[in-house]
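Read through the structure below, which is laid out as structure tokens, and then see the notes.
The values are calculated or read from the model by the stated rules, or taken from the named source; none is laboratory data. Keep in mind that this is a model prediction, so the values were computed, not measured. As a convention, Cβ positions derive from the backbone with ideal geometry for all residues, glycine included, and neighbour counts pool all protein chains shown.
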Amino acid sequence: MTAMEMIKKTDHLFENIDQDDEVFYNNMTLPTEDDLPYDDGEPMETQRHRDQMNLLIDSLKAYWKDRRLYYISGNMFLHFDPLNKRKFRGPDVFLVLDVDPRERKSWVVWQEGMRFPDLIIELLSDATRAIDKGEKKTLYEQVFRTGEYYLYDPFSQEFKGYKLTGRHYTPVLPDQNYKIYSPITELFLIIHDERLRWMTKDGMILPSTEELFEQEKQRAEQEKQRAEQEKQRAEQEKQRAEQEKQRAEQEKQRAEQAEGRLLTMARLMLAKGYSSQEVCELTGLSEAELVV
């Protein structure tokens, strides 16, 4: 894409382009992400801001693990003016749908088919509150034309949203359950345990990477316990079977011993002059058994 093609595609960004300017822009080579700054070395305001950003990004990535065409990132330079390398923004969280999920140093709109974020979340702080509510809101509304813009303070839990209606933002406040529906993601943003979370329509809070790991760890532990219980049950069954075998063997031995004693008695009786018939009647043995 040439600079002039970009300007024509986003005429709301540039005004009063004359013929000489058009020649200049037609011959202009647009900078790429390799030519543009992508890190100012400035950390986020607090660790809580950093954790909140990562939570929103990582939990959505995990939930959308089977979805391919989208890009979500945070605290990344977003370049939208090829004439000024220092003119950029760095939304705390931004989402673009239907794009290649490849790794990027920064988001350069003219390298992305003039795609601006579909959704932006800014995490408020004392240092950024006025800019986030004023200058950035105007930029995202009038220049980026971002469909959904949300503001959240990780410390005070201040939460507000804006939906683009035509060319202007319409404010959206959370309901009595501290949630706002996001049509772009088809999810809710909700304040849960003093953190901003994604939530499905059926009320499931999207777990973070750490929470998913803990869930998998618990499932693995439960499977291990079930396997151990099955092993114990199998061992108990084996022991019961062995005991039954031993009891049967003992019964057999007792029966053989009793039969042996009875046969010995019968032979003694025969030796004392009892007839075979008398011995059989008294012992219950057969004449064939007496002969053995």
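Miscellaneous remarks
- Apart from one condition, Leu119 fits all of (1) in contact with a strand residue (DSSP E or B) (Cβ under 6 Å, 6 or more places away or on another chain); (2) modelled with pLDDT under 95; (3) among the hydrophobic types (A, V, I, L, M, F, W, C); (4) over 20 Å from Leu36 (Cα atoms); the exception is (2).
- Checking each residue in the stretch 12-58 for being modelled with pLDDT under 55 and in a helix (DSSP H, G or I) picks out Gln19, Asp20, Asp21, Val23, Phe24.
- Identity of the residue in the stretch 169-196, surrounded by 10 or more Cβ atoms within 10 Å (Cβ to Cβ) and free of Cβ contacts under 8 Å to residues at least 12 places away in the same chain, that ends up farthest from the chain's Cα centre (by Cα): Thr170
- Counted residues, the stretch 195-217 - those being over 22 Å from Tyr152 (Cβ atoms) and modelled with pLDDT of 95 or more: 1
- Qualifying residue in the stretch 166-173 (condition: assigned by TED's automatic domain parsing to the domain that holds Phe77, of a type in the set (Lys, Arg) and in contact with a Leu (Cβ under 9 Å, 6 or more places away or on another chain)): no
- Residue satisfying condition, being surrounded by 11 or more Cβ atoms within 10 Å (Cβ to Cβ), touching a residue at least 12 places away in the same chain (Cβ under 8 Å), more than 30 Å from Leu55 (Cβ to Cβ) and not aliphatic (A, V, I, L, M), within set Ser286, Ser276: Ser276
Every residue, every condition in (1) modelled with pLDDT of 95 or more; (2) surrounded by fewer than 19 Cβ atoms within 10 Å (Cβ to Cβ); (3) in contact with a strand residue (DSSP E or B) (Cβ under 7 Å, 6 or more places away or on another chain), yes or no:
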{"position": "Asp126", "(1), (2), (3)": "no, yes, no"}
{"position": "Ala130", "(1), (2), (3)": "yes, yes, no"}
{"position": "Glu135", "(1), (2), (3)": "yes, yes, no"}
{"position": "Pro154", "(1), (2), (3)": "yes, no, yes"}
{"position": "Phe159", "(1), (2), (3)": "yes, no, yes"}
{"position": "Arg167", "(1), (2), (3)": "no, yes, no"}
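- Taking the listed residues Glu235, Glu221, the one that is part of a helix (DSSP H, G or I) and closer than 30 Å to Lys61 by Cβ is Glu221, with no other qualifying.
- Scanning the stretch 149-167 for residues that are of a type in the set (Phe, Trp, Tyr) and not in a loop (DSSP other than H, G, I, E, B) yields Tyr149, Tyr150, Tyr152, Phe159, Tyr162.
- Residue match in the stretch 84-100 (condition: touching a residue at least 60 places away in the same chain (Cβ under 8 Å), surrounded by 16 or more Cβ atoms within 10 Å (Cβ to Cβ), within 25 Å of the chain's Cα centre (by Cα) and in the same structural domain as Arg197 (by TED's automatic domain parsing)): yes
- Look at (1) within 30 Å of Leu151 (Cβ to Cβ); (2) assigned to a helix (DSSP H, G or I) and you find that Ile191 fails only one, number (2).
- Just one residue in the set Thr138, Thr185, Thr170, Thr146 is assigned to a helix (DSSP H, G or I) and of a type outside the set (Lys, Arg); that residue is Thr138.
- Take the conditions (1) surrounded by 10 or more Cβ atoms within 10 Å (Cβ to Cβ); (2) within 48 Å of the chain's Cα centre (by Cα); Met269 misses just one of them, which is (2).
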